[in-house]
Amino acid sequence: MNLKFRLRQAGMIAKLELRRVFLAKRSLWVYLLALFPAVVFLGHGIDVKLDQQRWAGRVTPAAVLDSIERGDSEDEVIRRAGDPVSKRRYRRGRDSRGSTFSYFDGQRRVDVRIEDGLVASKNVRAHVNFEEDRQVFAGFFHYFYLRLAIFFGCLGIFMNLFRGEMMGKTLHFWFLAPVRRDVLLAGKYMAGLAAAVTIFTTGALLSFAAMLWPQDPAAVQAYWQQQGPSHLFWYGASSALACLGYGSVFLAAGLLVRNPIIPAVVLSFWEGINGFLPAMLQKLSVLYYVESLTPVPAPIGADAPVLARMLLAPAAPVSAATAVAGLLGVTVLVLWMASRRIGRLEINYSTE
Amino acid sequence: MGEGIVFDEVSKFYGEVLGVNRVSLHIPPGITSMVGPNGSGKTTLMNLMTGLIHPDRGSISVCGLSPRNPESLMRILGYATQYDAAPRGATGFDFVSAGLLLYGYSAEETRRRAWQALERVSLTEAAGRKVAGYSKGMRQRVRLAQAIAHDPEVLVLDEPLNGLDPLVRAETIAMFREFAARGRHVILSSHVLQEVDVISDQVILIANGMIIAEGQIRNVRDEIEEHPSQFMIRCRDASRLASLLFDMEHVAEVKLHEDRQGMLVLTRNRREFSLALTRLASSGSPVESVMAADENVDALYEYLIGGGR
Ligand SMILES: Nc1ncnc2c1ncn2[C@@H]1O[C@H](COP(=O)(O)OP(=O)(O)OP(=O)(O)O)[C@@H](O)[C@H]1O
Ligand SMILES: [Mg+2]
């Protein structure tokens, strides 16, 4: 019974489990969570591309658009700039009515608001704003992907590794195999991890690609020459490390409680108040380290409510090396506790 | 492997509920049957010796190995549980072979052993079908195949004859015998003594989480038949009747009530006792009433020896 044989056993268990994890019906919503950001950014990209196509033949010279000023009359605007690419009318109050004319100069989109026949205001913005889209992506990644998608995805995958077999009354088959309980734990964890990392890093990379797709090729080129590769790497790596950390926590939770809502609530509360905890306890967190590893800090609006800012703002970030080491430390600690627990675990199918 | 299976003062509680209480056992090789009514603790004992649950008190050893060490124990032990479940979507063959890989057998050896085990329980034809679609008896047999596939020294089977038709039952029993003949342990459980008495080398009778009797079937039967029963007798001249009864061979003990109007009698032979009492009453002894003091215990023994219901 040497270490090599035990590792082989863990590998075999992982292989047997992997199919189940990937193909389980209840994994479907995990895929949906992982793909959601990619779908959103793809939708945005398609929207941008369609507009570009539709407006391609109706480009107004930039100089003309720049010359439009507040107080110009509606007829004057149409005479100089031609028909807008889109025209929206609205009513405000009883007898004030207005409309918005949108123009396109190939790069920028200019919205001219006309009230009572005169230009009331002009709003110029880039049709695709790379800077802004990257910020939106960072926000999505922090607030949706890390805190919701990977969190609940790992909950679904890892909690079921043991809990599912207790519910299905099949756990005793594993306990009657000639394997140490901690080897069984390792095998199952490896299966869950392989599945979670594959699903969520793919999801992160796909959404990143979808975000880049409609951008100005020159800007993207420049981005790749600077921070691009490092951003891509750390988005992928922090997704994978989040799976590693959350995975261990939910694997352990599945050995302790049957109701998945309890660990979900407890852990999100714990991560939520992390910023208020003493420095010692702050280190017992997954999110704390993973947020330190994300390439773009979470954008938080200055106008957000104080409480939200306190809860969502990450604790002081640490260096990448510290964060990776800290995360591995937390994972090993949690897995060690789980292996103690599984040694005492009993087959008890009757009480629910 | 000469040490057998040893329980030393083992107790197990499920919260407040008693599973088994202070069980001490030594099970030698051969076919051993655990017999007792529902909820008596058969499954609890089997789960304890296979490490699926752990004792609250006492210790267990299986051929010198601790049930807390599955890595070694499961190489020599196979357990077909009472839990009627199989991994979802698995065919009979998958089900038997999946576990075998973990013993370190090659893929080919695994396949060979799985087929051999399925053959022994006559399930080769259904091996490619999903276990979920098996009949109750087939599921029973595929669990048996899974338990014997690695050719264990100790075979633990929870109600293995349940749901088997007579033909398969005979085959299965023949297999147990063959196992035992090679000096191995076969431990099985049943509700009914009659079902297993002829095939068992020894039996263990269990009720309410306690061992009532253990040993070779003949001794156990005698023990049950002679188990002492208590009767409460009300009568006027109690001390005279007491001395008459006490002289009888089957009466073990007589306890006079303080009011001298009744007594408690312990007898080893109920039939003899009731005959004697009838005789005494008809010859003028003023017996007012006779009551069995321990009806529950009596019923239990009747159940165990009489074949149950
Ligand atoms: N998981 C459990 N939780 C609570 N009580 C339990 C549990 N398992 C068994 N018990 C109790 O322990 C006692 C012994 O149960 P056990 O299952 O060992 O009986 P058994 O002899 O196998 O019965 P059966 O013939 O019905 O299979 C019963 O009183 C039962 O209610
Ligand atoms: Mg039982």
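The values are calculated or read from the model by the stated rules, or taken from the named source; none is laboratory data. Nothing here was measured: the structure is a model prediction, and the numbers come from that model. Glycine gets a Cβ as well: all are built from the backbone with ideal geometry, and neighbour counts include every protein chain shown. Keep in mind that these areas ignore ligands, DNA and RNA; they rest on the heavy atoms of the full protein, side chains included. Shrake-Rupley method; radii C 1.70, N 1.55, O 1.52, S 1.80 Å.
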| Is one or more of the residues making up the range B:32-51 buried (at least 20 other Cβ atoms within 10 Å of the Cβ) and farther than 18 Å from B:ASP158 by Cα? | no
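Mind telling me which of the residues B:ASP259, B:ASP201, B:ASP237 ends up being closer than 23 Å to B:MET49 by Cβ and charged (D, E, K, R)? Let's see the steps before the verdict.
Details: B:ASP259 fails: closer than 23 Å to B:MET49 by Cβ; B:ASP237 fails: closer than 23 Å to B:MET49 by Cβ.
The unique qualifying residue is B:ASP201.
Residues checked against (1) closer than 30 Å to B:ILE27 by Cα; (2) among the basic types (Lys, Arg); (3) touching a helix residue (DSSP H, G or I) at 6+ places or on another chain (Cβ under 8 Å); (4) part of a helix (DSSP H, G or I):
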position: B:ARG218; (1), (2), (3), (4): yes, yes, no, yes
position: B:GLU223; (1), (2), (3), (4): yes, no, no, yes
position: B:PHE231; (1), (2), (3), (4): no, no, yes, no
position: B:LEU241; (1), (2), (3), (4): no, no, yes, yes
position: B:LEU245; (1), (2), (3), (4): no, no, yes, yes
position: B:MET263; (1), (2), (3), (4): no, no, yes, no
position: B:GLY284; (1), (2), (3), (4): no, no, no, no
position: B:GLU288; (1), (2), (3), (4): no, no, no, no
position: B:MET291; (1), (2), (3), (4): no, no, no, no
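Quick grid of which residues meet (1) in contact with a Leu (Cβ under 9 Å, 6 or more places away or on another chain); (2) open to solvent by less than 20 Å² (accessible area, probe 1.4 Å):
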position: A:THR202; (1), (2): yes, no
position: A:PHE208; (1), (2): yes, yes
position: A:PRO217; (1), (2): no, no
position: A:GLN226; (1), (2): no, no
position: A:LEU232; (1), (2): yes, no
position: A:CYS243; (1), (2): yes, yes
position: A:LEU256; (1), (2): no, no
position: A:LEU287; (1), (2): yes, yes
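Check B:ALA149, B:ALA132, B:ALA107 and return the single one that is within 13 Å of chain A (Cβ to nearest Cβ) and open to solvent by 70 Å² or more (accessible area, probe 1.4 Å). Walk me through it before giving the result.
Details: B:ALA149 fails: open to solvent by 70 Å² or more (accessible area, probe 1.4 Å); B:ALA107 fails: open to solvent by 70 Å² or more (accessible area, probe 1.4 Å).
None of the others qualify; the one that does is B:ALA132.
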| remark: Just one listed residue, out of B:VAL23, B:VAL6, is under 23 Å from B:ASN69 (Cα atoms), open to solvent by 10 Å² or more (accessible area, probe 1.4 Å), more than 12 Å from ligand 2 (Cβ to nearest atom) and outside any loop (DSSP other than H, G, I, E, B), and it is B:VAL6
| Restricted to the range B:9-20, and to residues that are over 27 Å from B:ILE31 (Cα atoms) and more than 16 Å from ligand 2 (Cβ to nearest atom), which residue is most open to solvent (accessible area, probe 1.4 Å)? | B:GLU16
| said: Would you confirm whether or not the range A:170-181 contains a residue that is part of a helix (DSSP H, G or I), more than 9 Å from chain B (Cβ to nearest Cβ) and more than 21 Å from B:ASP158 (Cα to Cα)? | reply: no
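Counting residues that are at pLDDT 90 or above and farther than 19 Å from A:ILE157 by Cα, which helices (runs of 4 or more DSSP H) fully inside the range A:226-344 reach at least 2?
Values: elements: A:228-256, A:261-272, A:279-282, A:287-293, A:306-312, A:320-344.
Output list reads A:228-256, A:320-344.
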| message | Here are the criteria: (1) farther than 21 Å from A:TRP336 by Cα; (2) without any contact (Cβ under 8 Å) to a residue 24 or more places away in the chain; (3) of a type outside the set (D, E, K, R). Tell me which single one A:TRP270 does not satisfy. | response | (1)
| Just checking, how many residues over the range A:193-210 are over 12 Å from the mean Cα position of the chain (by Cα), of a type in the set (Ser, Thr, Tyr) and under 18 Å from A:LEU148 (Cβ atoms)? | 0
| note | Matching residues in the range B:39-89 (within 26 Å of B:ARG141 (Cβ to Cβ), facing chain A (nearest Cβ under 10 Å) and among the charged types (D, E, K, R)) number 3
| Just wondering, is there one or more residues in the range B:191-202 that are within 16 Å of ligand 1 (Cβ to nearest atom), touching a helix residue (DSSP H, G or I) at 6+ places or on another chain (Cβ under 8 Å) and either part of a helix (DSSP H, G or I) or modelled with pLDDT of 95 or more (or both)? | yes
| remark: Within the range B:65-103, residues being within 15 Å of B:PRO152 (Cα to Cα), out of contact with any helix residue (DSSP H, G or I) (no Cβ under 8 Å at 6 or more places or on another chain) and either open to solvent by 30 Å² or more (accessible area, probe 1.4 Å) or not assigned by TED's automatic domain parsing to the domain that holds B:VAL17 (or both) number 2
| Which residues, counting only those in the range B:1-50, are within 9 Å of ligand 1 (Cβ to nearest atom) and closer than 18 Å to B:VAL203 by Cβ? | B:VAL20, B:MET34, B:GLY36, B:PRO37, B:ASN38, B:SER40, B:GLY41, B:LYS42, B:THR43, B:THR44, B:LEU45, B:MET46
